[in-house]
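The values are calculated or read from the model by the stated rules, or taken from the named source; none is laboratory data. These numbers come from a predicted model, not from an experiment. Please note: Cβ atoms are built from the backbone with ideal geometry, for glycine as well, and neighbour counts cover all protein chains shown. The accessibility values were calculated without ligands, DNA or RNA, using every heavy atom of the protein model including side chains. Shrake-Rupley method; radii C 1.70, N 1.55, O 1.52, S 1.80 Å.
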Amino acid sequence: MGVIGRASDGGQDDGNVLRPVVRGKFLFLGDKKFFAKGVTYGAFLPRADGAYHDATVIESDFAQMAANGINTVRIPHTVPPRSLLDAAQRHGLRIMVGLSAEQFVGYLIDRKKDAAEIERLILQEVERCAGHPALLCYALGNEIPAALVRYLGRHRVERFLRRLYHAVKSADPHGLVTYANYPSTEYLHLPWLDLVCFNVYLETEPAFTAYLARLQNLADDRPLLMGELGLDSLRHGEATQAEALEWQLRTAFRGGCAGAFVFSWTDEWYRSGAPTEEWSFGLTSVDREPKPGLAAVRRTFAEAPFPEDAAWPRISVIICTHNGSSTLRECLAGVAALNYPAKEVIVVDDGSTDGSAEIARQFDLQIVTASHVGLSAARNLGLAAATGEIVAYLDDDAWPDPDWLKYLAETFRDERWAGVGGPNLEPPGDGPVADSVANSPGGPVHVLLSDIEAEHLPGCNMAFRKTALEAVGGFDSNFRTAGDDVDICWSLQTAGFKLGFSPAAVVWHHARSTVAAYWKQQYGYGKAEALLEGKWPEKYNRAGHPTWLGHVYGRGAAQTLLRHEKIYRGLRGGAPFQFVYPAKSSVLGLVPTMPEWYLSLGGLALLSVLGLLWSPLLLALPLLLLAGALSIAHAGLNARRAVFPGPLSNAFDLLPRRFLVTALHLLQPLARWSGRLDARRRGWRNPDAVAPFTLPLAHHSSIVRPDWEGARATIQSLENDLRAELTFVRSGGSFDAWDLEARGGILGGIRIVTAIEDIAPGGQMTRIRLRPWWPLHGLIVFSIATLLALSAALAQAWLVAAFAGFAALGLFARAFYEAGTVYTLVALILTRRLAGSPR
């Protein structure tokens with residue numbers, strides 16, 4: 001779905017009054033974070049004089065709300081008169097105005113009014129409130145019934161709400177807009193909203209906590225508001241209601257919500273035009289006598305999001321920099337502004353020559369100096385200098401939200417987590433190229449196994465228990481510029497540790513601001529991937545692509561053309577929680593993002609050119625055009641879903657950015673592949689492991705030991721020896737008929753099969769068989785080239801036959817060379833073992 005620019009920073013209205021703006025996961029008034037601590041108010045019985053409610057009662061209610069720590073009021077079902085907003089302003093309250101779009105959905109079915117007429121009605125309502133200094137935001141509607149959404153179809157409802165969103169923005173460009181959704185229609189995809197708002201009634205703390213984590217991931221990089229929460233006191237008792245409100249609000253704010261609204265201020269509300277006594281959710285009675293729940297709300301709001309006297313663990317913030325002076329000052333200023341009492345800051349200056357050290361000395365922190373040892377080694381130096389029980393890593397081109405460390409520490413209270421990270425968001429104002437890069441693949445994103453457990457945490461925003469890092473030996477110094485975060489996460493998980501995720505632990509991270517810088521970044525990531533594949537071959541598939549178990553998040557995460565979401569609706573659409581399950585991206589749908597696809601495009605292009613010499617090859621031209629169109633369509637689809645910050649008001653403003661995002665989606669696989677090929681070309685073998693070519697024939701040998709070692713230990717020992725000589729060694733899986741695979745390149749290698757026999761008394765014989773192995777993709781290309789050469793020769797197209805023949809011979813020779821050289825290395829290792837000498 002196309003998305004106009006979401007409001008990420010607003011301005012002031014004509015009266016020079018600060019209006020709330022969205023910055024990442026939170027709301028701000030100027031430079032101060034604003035947490036909405038609210039109650040719902042109304043709806044009330046209609047009055048004979050047409051007034052919304054008695055003005056005296058409103059004034060008294062607002063005064064009582066303000067005295068109890070409430071700063072926001074939600075009017076869910078009707079647009080209040082401007083006089084109510086004036087009263088709110090007098091008492092320092094903000095108002096969420098409900099536009100009641102749910103009342104008009106039936107018109108879409110019955111055609112009593114068309115969408116344009118509904119839009120005009122909404123515009124009239126917005127104009128009554130537009131620009132008022134007490135306005136927090138507009139809510140387009142409140143809980144469009146799931147049955148109606150199912151009847152109309154979700155996409156029609158989404159288009160209806162989006163049209164109303166544009167109408168509100170046209171009348172009040174700086175007004176924030178949300179929609180009060182609920183679990184029965186959580187699947188509505190509304191990425192253009194400024195805020196995400198959900199009404200949630202769950203009566204147990206574990207269920208509420210779990211669903212809140214789910215909603216935070218659905219909200220992605222936008223603030224989440226709890227539009228309604230509460231507990232029926234008639235059914236549970238007023239004391240239980242008060243207790244529930246306390247844990248609901250505490251959980252909401254500590255879970256990263258930007259605000260929460262208790263339902264409701266008073267029992268004076270109605271359903272279907274008549275009072276009801278079936279439920280009692282009010283904090284005050286009809287005559288405004290306080291109930292126990294009001295005191296609980298007052299206490300919780302007073303401490304939200306965290307109590308002032310809370311005990312916090314000591315955290316060491318570590319920033320590694322190498323010539324990062326252009327952004328380091330901004331980073332350190334953000335760290336200095338952290339609202340956290342128990343922190344130390346360590347800057348590791350990794351051989352900078354641009355004045356980074358001088359910038360760091362202007363702040364109250366510790367500086368560790370290194371002679372350009374690389375990123376991982378620099379992180380280890382920071383770890384050694386840290387005195388905190390938690391170490392938090394931040395990149396020098398990022399800066400944290402003021403409460404970053406508190407949200408990390410709050411998540412660390414769960415003893416399960418050895419590491420915790422959060423989202424990294426692009427700051428507004430970096431320019432159109434940076435905005436486009438932020439919507440392109442390959443950025444530092446988190447990968448989640450569940451709503452709270454992470455598989456990968458990006459290096460610009462990750463924290464760990466110091467003891468856990470020390471237990472795995474810290475960071476691998478082979479990763480000098482990238483890949484260190486992936487490696488440390490996999491190392492911790494392999495050692496049995498778990499990683500958590502905090503959606504509110506936000507850092508602002510600059511995206512690359514030029515296409516050349518983006519190419520360089522992705523090229524470097526490609527080189528790091530080659531190192532990771534060599535160290536963690538079990539984490540990669542046969543084609544050399546990482547196989548994440550979790551879901552990849554982030555605006556730039558590529559979505560496939562064949563993507564299909566499943567919605568659990570329940571029998572006849574009656575499920576109260578109708579979850580949306582994003583389907584796993586199929587391999588077929590991801591093909592246009594793979595380097596092999598680009599190789600295929602290159603091959604088709606070459607065949608099309610050769611078609612000028614031999615006409616049958618011109619059949620490759622339509623295939624080339626079709627494949628190219630598929631690539632562009634895939635990139636264009638992802639560009640159409642891009643989200644850009646700022647007040648971009650029409651398609652013409654967005655068009656250049658969408659074209660650039662499309663180009664970057666096409667460019668990124670090439671950059672990654674180039675980096676991988678460069679790293680592989682340099683590092684398939686240890687530089688010191690020079691071995692001549694040997695014809696790779698099947699080979700059998702055996703090693704006799706006087707003592708018993710065991711099959712697992714024997715194979716592991718052999719694997720360790722191979723890894724010292726080769727950068728790519730893979731262990732066989734449960735369905736493989738081999739134990740180890742060693743590659744000499746992308747076209748050839750060997751496979752090793754072992755068998756262990758017991759020899760009396762207490763010894764063992766290890767039988768080892770080597771056989772050459774060539775991957776399927778190389779055999780396919782070789783077969784095509786050979787078939788093409790023979791066909792062209794039969795047709796007497798000699799130039800084409802010669803070209804294809806030389807290509808086939810080249811592939812054949814290269815494949816045998818790669819298999820033969822690695823065969824020699826393995827044979828030397830086995831010879832050492834047979835002689836009983838050390839490696």
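Computed from label points 7 Å out along Cα-Cβ, the spacing between residue 633 and residue 795 is 2.8 nm.
Here the alpha carbons of the chain define both size measures, Rg and Dmax, at 31.5, 105 Å. Considering helices alone, the calculated mean residue ellipticity of the chain at 222 nm is -13000 deg cm²/dmol, with DSSP H runs of length four and up weighted by -39500 (n - 2.57) and normalised per residue. Annotation: for a label point projected 7 angstrom from Cα along Cα→Cβ of residue 308, no residues of the stretch 334-349 have a backbone N closer than 13 Å. Using 7 Å Cα-to-Cβ label points, what is the residue 776/residue 295 separation (nm, one decimal)? In this crude label model, residue 776 to residue 295 measures out at 7.0 nm.
For the pair residue 674 and residue 802, a Förster radius of 35 Å applied to the C-beta separation gives a FRET efficiency near 0.75, rounded to the nearest 0.05. For the residue pair residue 566 and residue 717, what label-to-label distance in nm results when each label sits 7 Å from Cα along the Cα-to-beta-carbon direction? Between residue 566 and residue 717, the label points sit 4.8 nm apart. Local charge for residue 417 was computed over the other residues whose Cβ lies under 10 Å away, with Lys and Arg +1 and Asp and Glu -1, and equals +1. Across the stretch 35-189, C-alpha contacts under 8 Å between residues 6 or more apart give a mean separation that, scaled by the residue count, equals a relative contact order of 22 percent. Over all other residues within a Cβ to Cβ distance under 14 Å of residue 577, the charged ones net out to -2, with Lys and Arg as +1 and Asp and Glu as -1. Sequence-distant or interchain residues sharing an amide H contact under 5 Å with residue 320, placed H: which? Amide H neighbours of residue 320, under 5 Å, 5+ apart: 348, 394, 396. Computed over the alpha carbons of the stretch 425-502, Rg followed by Dmax gives 14.5, 44 Å.
Relative contact order for the stretch 724-789: 22 percent, from Cα pairs under 8 Å spaced at least 6 residues apart, divided by residue count. The calculated FRET efficiency for residue 238 paired with residue 86, based on their beta-carbon distance and R0 = 41 Å, is about 0.75. Over the residues of the stretch 102-228, compute the C-alpha Rg and express it relative to 2.2 N^0.38 Å. Computed over Cα atoms of the stretch 102-228, the ratio equals 1.09. Convex hull volume of the Cα atoms of the stretch 197-237, normalised per residue: 57 Å³. Give me the log10 of I(q) over I(0) for the stretch 321-385 at q = 0.12, 0.17, 0.25, 0.29 Å⁻¹, as the Debye formula computes it from C-alpha points; what are the numbers? One equal scatterer on each Cα of the stretch 321-385 leads to -0.28, -0.56, -1.13, -1.34. Using a probe of 1.4 angstrom and keeping all protein chains present, the accessible surface of the chain works out to 43 square angstrom per residue. Basic side chains Lys and Arg get +1 at the Cβ, acidic Asp and Glu get -1 at the Cβ, and with that the dipole of the stretch 119-220 about its Cα centre reaches some 460 debye. Around the amide H of residue 694, modelled in the peptide plane, lie the amide H atoms of 821, 824, all under 5 Å away and 5 or more residues distant in sequence or on another chain.
Taking amide H as placed 1.01 Å from N in the peptide plane, the amide H of residue 177 sits under 5 Å from that of 138, 194, 195, each at least 5 places away or on another chain.
The relative contact order of the chain, computed from alpha carbon pairs under 8 Å that lie at least 6 residues apart in sequence, is 10 percent.
Bridge orientation summary for the chain: considering DSSP beta bridges with both residues in this region, about 50 percent are antiparallel. Note that the stretch 781-792 has calculated 3J(HN,Hα) couplings of 5, 4, 5, 5, 4, 5, 4, 5, 5, 5, 5, 5 Hz, one per residue in order, obtained from phi through the Karplus relation 6.51 cos²θ - 1.76 cosθ + 1.60 (θ = phi - 60°); glycine and proline are x. For the chain, the Cβ-based charge dipole about the Cα centre amounts to some 2620 debye (Lys, Arg positive; Asp, Glu negative; other atoms uncharged). Full extension of the segment from residue 371 to residue 548, taken as 0.36 nm per residue of separation minus the current Cα-Cα distance, would add 60.2 nm. What's the FRET efficiency of residue 625 with residue 155 using the Cβ-Cβ distance as r and R₀ = 22 Å, to the nearest 0.05? The value I calculate is 0.10. Surface composition of the stretch 278-378: carbon and sulfur make up 50 percent of the accessible area, probe 1.4 Å. The phi torsions of the stretch 349-363, fed into the Karplus equation with coefficients 6.51, -1.76 and 1.60 and a -60° offset, translate into couplings of 8, 8, x, 5, 10, 10, x, 4, 4, 5, 5, 4, 5, 7, 10 Hz, rounded to whole numbers, with Gly and Pro shown as x.
Taking the Cα centre of the stretch 102-169 as the origin, how large is its charge dipole in debye, to the nearest 20, when only Lys and Arg (+1) and Asp and Glu (-1) carry charge on their Cβ atoms? List each step's numbers first, then the result.
Details: 12 positive and 9 negative charges, 53 e Å.
It comes to approximately 260 debye.
Our estimate of slack between residue 477 and residue 54, defined as 0.36 nm per intervening residue step minus the Cα-Cα distance, is 145.2 nm. Under Stokes-Einstein, with the Kirkwood radius over Cα pairs as Rh, the value for the stretch 159-230 at 10 °C and 1.306 mPa s is 121 µm²/s.
The heavy atoms of residue 608 offer some 10 square angstrom of accessible surface to a 1.4 angstrom probe. For the pair residue 387 and residue 753 in one chain, pulling the backbone fully straight at 0.36 nm per residue adds 126.9 nm over the alpha carbon distance.
Remark: the stretch 723-731, residue by residue, has Karplus-estimated 3J(HN,Hα) of 5, 6, 9, 10, 8, 10, 9, 10, 7 Hz, where x stands for each Gly or Pro and the curve is 6.51 cos²θ - 1.76 cosθ + 1.60 at θ = phi - 60°.
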